[in-house]
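Right, one structure below, let's go through it.
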Amino acid sequence: MYRTITTIVALLFVFTGLTTHAEPIGYFTPDDVTYDPAIPTPEAFLRHELGAQPVRHDRMVDYLRTVAGLSDRISIETIGYSHEGRPIEFLVVTNPENHSRLEDIRTRHVALSNPDSGIQPNDSMPVVTWLNYGVHGAESSGMDAVIPVVYHLAAAKGEAIENTLSQSVILITAIFNPDGHSRRINHVLKFMSDVPVTDPAHAAHDLWIDARTNHYWFDLNRQWLLQTQPEAQAWLSKWHQWKPNVTVDYHEMGSNSTYYFHPGVPNRKNPLIPDRSRQLLKDMAHFHAKTLDRDGTLYFTEEGFDNYYIGKGSTYPHINGSVGILFEAGAARGGAIETPNGVRHYAANIRKHFRTSLSSIEGARSLAPRLLDNQYSFFQEAREQGQKDDIRGWVFTSPDKARLAHFLDLLERHQVQAYALARDVTVDDHSFQAGDAYLVPVAQAQYHMIKGLFDRVRSFKEAIFYDVSGWTLPLAYDLDYAALNKKAWRTDLLGDEAQAQMAWPRAEAPDRASYGYVFSWEDYYAPKALNRLLAAGVHVRGAMEPFSVLTSKGERHFPRGALFVPLAGQDDVDADSLYEHVTSVTRIEGIPVHAVTSGLTPTEGADLGGRSSFQSLSTPHVVLVFDDGLSKYEAGEAWHLLDKRMQIPVTLRAKSDLMGLDWSRYSHMVLPGGRAALNSRSTKRLEQWIKEEGGTLIALRQGATWAQQALLNSGGNAKGKDKAQAPKTSQRTDYADYDVEEAKDVIGGAIFASDLDITHPLGFGYQDRLLPSHRNTTLVLATPQNPYATIARYLETSPILSGYASDKRLAEIAGSPMMVAERLGRGTVILFADDPNFRATFLGTNKLFLNSLFWSKAFRAPRSNGDEEENALAH
Ligand SMILES: [Zn+2]
């Protein structure tokens, strides 16, 4: 019955003639294999041949589920959902006999990664190969390739496939990034034409960056390490459930390139990756070369791509006892496109990825004993290296329990064991208290991950980086942390094993207050709580000075930024609903709320009704400018922080469409970096909105240098401060050194240290003046004339904490502003030289960005500015 239907469907599409680039399944599959007709071919099912158009996600899922349902070689499950609610499918392919004892196979396999399990590799263990399809939504051939692969694995007949399936467990994710992929396909289908248009200028070939990312415009191929997105969390958890021996990642690159596979550039291997891993990559490469040679395909290895940043799909596995392989096809953009190497066809790309999927499976099967030994040895060595390391463990804490819990959650996702600190310990005058800090011993299976997460890296073989050069995560989370060396280390420091779930802040409901309620601004989620109160019409006053207050539990001290909710003056909420609102802060954010019994401050600060010691705070109405050359990543990070984490609504508005906006509706405008300059009309309107209507501009990176010049009439330099006057170099250099020389002064992504003015309202919520931030540009903001305007300034000496920057760049950046804020007329301009929201991972600097929303009117211009109205508070 089924076959009759598919035959009719197959006949139908023949006459619809979608484009000329589609190919029948025989074009993709090897010549010497016969296929089981009970499994529907992709073209019969999809009603078009592969390569005719990128396959819609829902249709792909239908096909995979249908084939899995028909084949006793395949099981399928949904391991997670994208932000937009699309399923991420996970397939396990092996022979039926292995399927019947799959859990046993998995358990024994994973035990190889446990140095204490006593399990060693043996010939009866199947090799585990993981094929990742579609982390970058725009790179469609890396997704469609899953279709012939699954067809082949389900339907191929004969001894070869039987041997492969009996000796392998093949894991497939299809697909990682369904939201980006769907965005891409809608775009390609929108411009699809009867006659193929190969002109690269055609609109159909566009939308590259847009569709590369997930819903909030995050590059998911940086997320293996960072784990802030649901897609990444789904696949990493599955990855560790299986600990595959080979992990293959499918991509597309620029159309003018040919076809790439690992190994990458030899000098750019992360030092944590064993040489054995690289040798295995080289040996696997012979299998790919063999299959591509047969078709005369042009390809390259050891060029352009690397294994340095450990958060990529093809590098993370190397730090986890596996071998990661990157495949990149020169893009055909879902159709056909002219390139210097001839017209590139989509179907041909699918075929290349399909063929190297098979060569990866076959390579892994052939090298199985060495791959299994690699897994086993990697973790044995990890334990030994951990026992010999000068650093025996890392201790860390934070006054902000939410950031601490987020960090513990991250460690758990990477299978790093952390423990409660059982005894007080002091390192370099910094004391960590038992019960308030955690400890990670390095002598554990995840030794390499711990080094990757905690070590600050400051020496490099080469200055070229495909991605960031420094990502030390306790710095990104701005934790108090220290290394414990041999002398400081004692096993009795280890308390109970930590569980992230148990570490989330909890607080009890406050007592009913007779006067008001107060809570601290230090918690990561305090801005979320504040915004909810303000949006509900609750009147909240923010403390400009430290103060003490009488509460139902006695006298309490609070730092600057603490929030006071008085019972008086709440015109829109009665006492009962006010109590409900403040109780929600303990229930949802876990922030302790204290019931205040008197307006007098007994030992510190002015009284709670003070006119300049407290400021009324108001709900921010935020418009986030995006598109038209602005950094999609930065816009997405700000959007994600406000929407997803802080539940603050954000209006997204294209840069080219600002004049159509009713500006009076908004209190804050966020301008990301990238091509940030607004046109003259928008700039004029922006200036008027700030000066006359009291708007606040928050500008990031190139947005900040532009705004400093355009609005504050002082110039930074987006290219580094001495570039314009740089004398013509007289030094002659061989052209062979071009790449290395040109990369020398680039800052690909490193962590810098600033001194933060924690007495300024925009620095509230911090106890420590030293603040790490992420920088991936060489731009430098000019130092303002206003002595109070530099909220954060890079350290004068050694401003870099982790990652690469040349001495020349360090000299330029040292002592320059990281964050500037100036009052301008009735409004405010706030500038960030760095990206405070980088990849949703710099939880430490997020607070600075959020301060810019809530405290942007809480400070004054210097008296010398002579603006009587703005200085009204001083009188
Ligand atoms: Zn890619």
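Quick look at the numbers
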item: In segment 213-227, residue nearest to PHE90 (Cα to Cα) [restricted to those that are open to solvent by less than 20 Å² (accessible area, probe 1.4 Å) and more than 16 Å from the ligand (Cβ to nearest atom)]; result: GLN227
item: Some residue of segment 304-317 being assigned to a strand (DSSP E or B) and either within 16 Å of the ligand (Cβ to nearest atom) or touching a residue at least 60 places away in the same chain (Cβ under 8 Å) (or both); result: yes
item: Qualifying residues in segment 692-729 (those that are of a type in the set (S, T, N, Q) and within 32 Å of the chain's Cα centre (by Cα)) - the one modelled with the lowest pLDDT; result: ASN717
item: Options PHE379, PHE407: the member that is touching a Phe, Trp or Tyr at 6+ places or on another chain (Cβ under 6 Å), under 19 Å from TYR316 (Cα atoms), assigned to a helix (DSSP H, G or I) and at pLDDT 95 or above; result: PHE407
item: Pick from segment 246-266, criterion touching a Pro at 6+ places or on another chain (Cβ under 9 Å) and assigned to a loop (DSSP other than H, G, I, E, B), ranking: nearest to the ligand (Cβ to nearest atom); result: SER255
item: Residue identified as hydrophobic (A, V, I, L, M, F, W, C) and over 30 Å from PRO126 (Cβ atoms) among ALA364, ALA347, ALA382; result: ALA347
item: Any strands (runs of 3 or more DSSP E) falling wholly within segment 748-806 and containing at least 3 residues that are of a type outside the set (Lys, Arg), closer than 27 Å to MET544 by Cα and open to solvent by less than 10 Å² (accessible area, probe 1.4 Å); result: 750-756, 770-775, 790-794
item: Filter result (open to solvent by 60 Å² or more (accessible area, probe 1.4 Å), closer than 15 Å to ASP511 by Cβ and part of a loop (DSSP other than H, G, I, E, B)) within segment 569-609; result: PRO592, THR597
item: Looking only at segment 265-286, and only at residues there that are open to solvent by less than 20 Å² (accessible area, probe 1.4 Å) and touching a helix residue (DSSP H, G or I) at 6+ places or on another chain (Cβ under 8 Å), the one that is modelled with the lowest pLDDT; result: ASN270
item: Selection status of ASP492, among the acidic types (Asp, Glu), open to solvent by less than 70 Å² (accessible area, probe 1.4 Å) and in a helix (DSSP H, G or I); result: yes
item: Among (1) assigned to a loop (DSSP other than H, G, I, E, B); (2) away from the ligand (no atom under 16 Å from the Cβ); (3) open to solvent by less than 40 Å² (accessible area, probe 1.4 Å); (4) more than 27 Å from TRP471 (Cα to Cα) - the single one HIS187 does not satisfy; result: (1)
item: Among the candidates ALA402, ALA364, ALA368, residue that is closer than 30 Å to THR586 by Cα and open to solvent by less than 20 Å² (accessible area, probe 1.4 Å); result: ALA402
item: Any hit, segment 243-253, residues being hydrophobic (A, V, I, L, M, F, W, C) and within 20 Å of PHE90 (Cα to Cα); result: yes
item: Residue list for segment 1-60, restricted to those being under 27 Å from HIS181 (Cβ atoms), open to solvent by 70 Å² or more (accessible area, probe 1.4 Å), part of a loop (DSSP other than H, G, I, E, B) and modelled with pLDDT of 70 or more; result: ARG47, ARG56
item: Those residues of segment 229-241 which are more than 16 Å from the ligand (Cβ to nearest atom) and crowded, with 21+ Cβ neighbours inside 10 Å, in sequence order; result: TRP239
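Let's see how each residue does on (1) within 16 Å of the ligand (Cβ to nearest atom); (2) in the same structural domain as PRO317 (by TED's automatic domain parsing); (3) free of Cβ contacts under 8 Å to residues at least 24 places away in the same chain; (4) outside any helix (DSSP H, G or I):
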| residue | (1), (2), (3), (4) |
| --- | --- |
| GLY85 | no, yes, yes, yes |
| ILE88 | no, yes, no, yes |
| GLU97 | no, yes, no, no |
| GLY118 | no, yes, yes, yes |
| PRO121 | no, yes, no, yes |
| ALA138 | yes, yes, no, yes |
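To keep it simple, each residue is scored yes or no on (1) away from the ligand (no atom under 16 Å from the Cβ); (2) in contact (Cβ under 8 Å) with a residue 40 or more places away in the chain; (3) in a helix (DSSP H, G or I).
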| position | (1), (2), (3) |
| --- | --- |
| LEU326 | no, yes, no |
| ILE350 | no, yes, yes |
| SER360 | yes, yes, yes |
| ALA364 | yes, yes, yes |
| GLN375 | yes, yes, yes |
| GLN385 | yes, yes, yes |
| ARG392 | yes, yes, no |
| ALA402 | yes, yes, yes |
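The values are calculated or read from the model by the stated rules, or taken from the named source; none is laboratory data. Here the structure is a predicted model, which is why all the values come from computation and not from measurement. Using ideal geometry, Cβ is built from the backbone for each residue, glycine included, and neighbour counts are taken over all protein chains shown. In case anyone asks, the SASA skips ligands and DNA or RNA and just uses the protein heavy atoms, side chains included. Shrake-Rupley method; radii C 1.70, N 1.55, O 1.52, S 1.80 Å.
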